[in-house]
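Visitor: Below is the structure I would like to discuss, written out as structure tokens.
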Amino acid sequence: MSIGIIGGTGLTEIKGLEITGEKKIKTPFGKPSAAYIMGKLKGKEVIFLARHGNPHRYPPHKVNYRANIWGFKKLGVKDIISIAAVGGITKNMNPAHIVIPDQIIDYSYGRKHTFFEKNLEEVTHIDFTYPYTPKLRSQLIKLAAKKNIAISPIATYGCTQGPRLETAAEILRLDNDGCDIVGMTGMPEAGLARELDISYATIAVVANWGAGKSEGEITMEEIHQHLSKGMGNAIELLTAFIKIF
Ligand code: HPA
């Protein structure tokens, strides 16, 4: 069974992935962000999708999350690891740090966030108490310890609408709400995976301090610099995970 990987900002392709083919998928919800790249990594079958397209062209609020997740389901994927760039809010969430979040607060709006809206035989409310699949999370956490990769194993991800970054007051509000990191793509992605019964966990890479958490303004240069520093560890963890999968 193939594992699905969703690559975010800073990861439009995986080094070392032996590409065996690609599939363009049509879904009832429109087109996924890109073709699904089929490949092998460490001898294991992997299906990779660039969340923002390749080249990077869909901003977070324009990503067709439903098509992306539906496409994975159609390809028979039962487990997805997503890679996400985030801002750091609380202590230890410094740039280039790796985080395996366990909770989400969704502040996004106006996104197509459910498969359960038309032609329903009954109204469906999925359980979302633990939005990231505990089994996948604990495997990632154990592997990080084994590989000596410093991570935070518990963190709440606040999902903002973007594409602009937040104001300092917005980050303060997220902090007060209990968010440790902030990103723009965690939702509806995680919820949609749960709706289709696909296991899902995230490896988040901190790209910058959230607005107002460090001096001055946030620059794209700083974001890309920290991302390329942190992404090495994220890929090492991901590769170790694929190996045992
Ligand atoms: N806010 C929201 N999303 C992000 C950030 C941020 O500061 N950095 C990277 N993704």
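The values are calculated or read from the model by the stated rules, or taken from the named source; none is laboratory data. From a predicted model like this one, the values you see are computed outputs, not experimental measurements. Virtual Cβ from ideal backbone geometry, glycine too; neighbours counted across all protein chains shown. Ligands, DNA and RNA are stripped out before the accessible areas are found, and what is left, the full protein with its side chains, is counted by its heavy atoms. Shrake-Rupley method; radii C 1.70, N 1.55, O 1.52, S 1.80 Å.
Visitor: Among the residues of the stretch 230-245, how many are open to solvent by 10 Å² or more (accessible area, probe 1.4 Å) and within 16 Å of the ligand (Cβ to nearest atom)?
Guide: Qualifying residue count for the region: 1.
Visitor: Might you check whether a residue that is surrounded by fewer than 18 Cβ atoms within 10 Å (Cβ to Cβ) and under 24 Å from Trp209 (Cα atoms) occurs anywhere in the stretch 115-125?
Guide: no
Visitor: Follow-up question, since we're still on this one. Report, by residue number, each residue of the stretch 200-229 that is away from the ligand (no atom under 11 Å from the Cβ) and within 17 Å of the chain's Cα centre (by Cα).
Guide: Tyr200, Ala201, Thr202, Ile203, Ser228
Visitor: Right, something else. Across the stretch 130-175, what is the number of residues that are within 16 Å of the ligand (Cβ to nearest atom) and in contact (Cβ under 8 Å) with a residue 12 or more places away in the chain?
Guide: 20
Visitor: In the stretch 88-134, which residues are farther than 30 Å from Lys31 by Cβ and small (Gly, Ala, Ser)?
Guide: Selection gives Gly88, Ala96.
Visitor: Taking the stretch 172-200, which residues are aliphatic (A, V, I, L, M) and in contact with a Phe, Trp or Tyr (Cβ under 9 Å, 6 or more places away or on another chain)?
Guide: If the condition is that a residue be aliphatic (A, V, I, L, M) and in contact with a Phe, Trp or Tyr (Cβ under 9 Å, 6 or more places away or on another chain), then Leu174, Ile181, Val182, Met187, Ala190, Leu192, Ala193, Leu196, Ile198 are the ones that fit.
Rundown of residues vs (1) under 21 Å from Leu136 (Cβ atoms); (2) among the charged types (D, E, K, R), yes/no style:
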position	(1), (2)
Gly4	yes, no
Gly8	yes, no
Ile19	no, no
Lys24	no, yes
Phe29	no, no
Pro32	no, no
Tyr36	yes, no
Lys42	yes, yes
Ala50	yes, no
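Visitor: While we're here: Identify the single condition in (1) among the polar types (S, T, N, Q); (2) within 15 Å of the ligand (Cβ to nearest atom); (3) open to solvent by less than 30 Å² (accessible area, probe 1.4 Å); (4) over 18 Å from Phe245 (Cβ atoms) that Asn94 does not satisfy, given that it satisfies every other one.
Guide: (3)
Visitor: Out of Gly39, Gly87, Gly53, which single residue is surrounded by 15 or more Cβ atoms within 10 Å (Cβ to Cβ) and within 16 Å of the ligand (Cβ to nearest atom)?
Guide: None of the others qualify; the one that does is Gly87.
Visitor: Just to verify a result, which residue in the stretch 1-28, among those that are modelled with pLDDT of 95 or more and within 20 Å of the chain's Cα centre (by Cα), is farthest from the ligand (Cβ to nearest atom)?
Guide: Selected residue: Ile3.
Visitor: Say whether the condition of being open to solvent by 10 Å² or more (accessible area, probe 1.4 Å), in contact with a helix residue (DSSP H, G or I) (Cβ under 7 Å, 6 or more places away or on another chain), polar (S, T, N, Q) and at negative phi is met by at least one residue in the stretch 60-70.
Guide: Among the residues of the stretch 60-70, not one is open to solvent by 10 Å² or more (accessible area, probe 1.4 Å), in contact with a helix residue (DSSP H, G or I) (Cβ under 7 Å, 6 or more places away or on another chain), polar (S, T, N, Q) and at negative phi, which makes the answer no.
Visitor: For the subset of the stretch 70-107 comprising residues that are of a type in the set (Val, Ile, Thr) and in contact with a Pro (Cβ under 6 Å, 6 or more places away or on another chain), which member is nearest to Ala207 (Cα to Cα)?
Guide: Selected residue: Ile100.
Visitor: If we scan the stretch 188-199, do we find a residue that is away from the ligand (no atom under 12 Å from the Cβ), touching a residue at least 12 places away in the same chain (Cβ under 8 Å), open to solvent by 40 Å² or more (accessible area, probe 1.4 Å) and in a helix (DSSP H, G or I)?
Guide: yes
Visitor: Checking Gly212 against (1) open to solvent by 50 Å² or more (accessible area, probe 1.4 Å); (2) under 18 Å from Asp106 (Cβ atoms), which test does it fail?
Guide: Every listed condition holds for Gly212 apart from (2).
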